[in-house]
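Written below as structure tokens is the structure these notes are about.
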Amino acid sequence: MIISPSVLAMDYSKMKEQTEELNNSKADWIHFDVMDGHYVPNLSFGPDLLRGFRKLTDLTLDVHLMVTDPAKFIKPFADAGADMITVHEEVLHEYEKVMEMLEYIHSFGLRAGLAINPMTDVRRLQAYLHHCDLFLIMCVEPGYGGQPFRPASLAKIKNLRRWIDHTGSEALISVDGGIKFDTGRECALAGADVLVAGSYVFKDDIGKAVDSLVHCTDRTEADGKAA
């Protein structure tokens, strides 16, 4: 299981210390949410902050663009040190536009992802099974951390897992929104490969929280949490 802590929930007065805790944990990636205040009603980070993270970590930098015009953000974030960039299907919508964007991301040598919101039909991803490195299933409405997980997301994960396995696609399934031990376990059992978690990871002991997500499908760990 790949764990990608979302630094949207980080305490930025302790950025260096908490990044070091991530480096020393079992986290594989760092999830970096970019919001433009237009596509979603919130503002977050620019490429300069990502460049700062790049100096502090060798973990994979997983950039999620929640923006109206993703094309203008690709090169700045690629230059800042992103390893993968995910865009929203809802922004592009048309097959040709999605393909053009995925190819543009790949042209920088980055992995390319495609995200969908809770109200978007997961069947819209079927056309891209062999063109994406990552599919991101949003389990909450994008824009704010701390929202409760939407159980309907599990059916999307299961369907997408079936299509990927049936077609031989190598794309990963990532889930984001309301992820903690119990919901992470449900998503993992449904077929997710990557768990994005913000509030759950940064609320207390970072290493312990990450470790619990890594082992969320272990029977003994699950029994211990349930006790």
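The values are calculated or read from the model by the stated rules, or taken from the named source; none is laboratory data. None of the values given here were measured: they were computed from a predicted structure. Heads up, the Cβs are rebuilt from the backbone with ideal geometry, glycines too, and the neighbour counts pull from every protein chain shown. Quick note on the areas: whole protein, heavy atoms, side chains included, nothing else; ligands and nucleic acids left out. Shrake-Rupley method; radii C 1.70, N 1.55, O 1.52, S 1.80 Å.
Of all residues in the range 96-108, those that are more than 13 Å from Pro70 (Cα to Cα) have Cβ atoms under 9 Å from Cβ atoms of residues that are open to solvent by 80 Å² or more (accessible area, probe 1.4 Å) and at pLDDT 95 or above, 6 or more apart or on another chain, in Phe108/Lys75; Phe108/Asp79.
The requirement of being within 21 Å of Ser44 (Cα to Cα) and either open to solvent by less than 20 Å² (accessible area, probe 1.4 Å) or not in a strand (DSSP E or B) (or both) is not satisfied by Gly184.
For the range 1-46, the set of residues classified as more than 17 Å from Val201 (Cβ to Cβ) and either touching a Ser or Thr at 6+ places or on another chain (Cβ under 7 Å) or in contact (Cβ under 8 Å) with a residue 60 or more places away in the chain (or both) consists of Val34, Met35, Asp36, His38, Tyr39, Val40, Pro41, Asn42, listed by residue number.
For (1) touching a helix residue (DSSP H, G or I) at 6+ places or on another chain (Cβ under 6 Å); (2) part of a loop (DSSP other than H, G, I, E, B); (3) among the aromatic types (Phe, Trp, Tyr); (4) modelled with pLDDT of 95 or more, each residue gets a yes or a no:
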| residue | (1), (2), (3), (4) |
| --- | --- |
| Leu136 | no, no, no, yes |
| Gly143 | no, yes, no, no |
| Pro148 | no, yes, no, no |
| Ala155 | no, no, no, yes |
| Asn159 | yes, no, no, yes |
| Arg162 | no, no, no, yes |
| Ala188 | no, no, no, yes |
| Asp204 | no, yes, no, no |
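Filtering the range 62-97 to residues that are open to solvent by 10 Å² or more (accessible area, probe 1.4 Å), acidic (Asp, Glu) and not in a helix (DSSP H, G or I) leaves Asp69, Asp83, Glu94.
Out of the residues in the range 98-145 that are open to solvent by 20 Å² or more (accessible area, probe 1.4 Å) and small (Gly, Ala, Ser), which is nearest to Ile3 (Cα to Cα)? Within the range 98-145, the match that is nearest to Ile3 (Cα to Cα) is Gly145. The set of residues from the range 19-39 being open to solvent by less than 20 Å² (accessible area, probe 1.4 Å), assigned to a helix (DSSP H, G or I) and over 14 Å from Asp211 (Cα atoms) comprises just one member, Thr19.
Among the residues of the range 206-220, the one identified as without any contact (Cβ under 8 Å) to a residue 60 or more places away in the chain, in contact with a helix residue (DSSP H, G or I) (Cβ under 6 Å, 6 or more places away or on another chain) and either closer than 18 Å to Lys14 by Cα or of a type in the set (D, E, K, R) (or both) is Ala209.
Out of all the residues in the range 190-202, is one or more open to solvent by 70 Å² or more (accessible area, probe 1.4 Å) and out of contact with any Gly (no Cβ under 9 Å at 6 or more places or on another chain)? No, that holds for no residue. So is Ile2 under 16 Å from Asp211 (Cα atoms) and surrounded by fewer than 21 Cβ atoms within 10 Å (Cβ to Cβ) or not? For Ile2, the condition - under 16 Å from Asp211 (Cα atoms) and surrounded by fewer than 21 Cβ atoms within 10 Å (Cβ to Cβ) - is met.
Based on this model, can you work out whether Lys208 counts as surrounded by fewer than 22 Cβ atoms within 10 Å (Cβ to Cβ) and farther than 17 Å from Phe32 by Cα?
Numbers: surrounded by fewer than 22 Cβ atoms within 10 Å (Cβ to Cβ): yes; farther than 17 Å from Phe32 by Cα: yes.
When the stated conditions are applied, Lys208 passes them.
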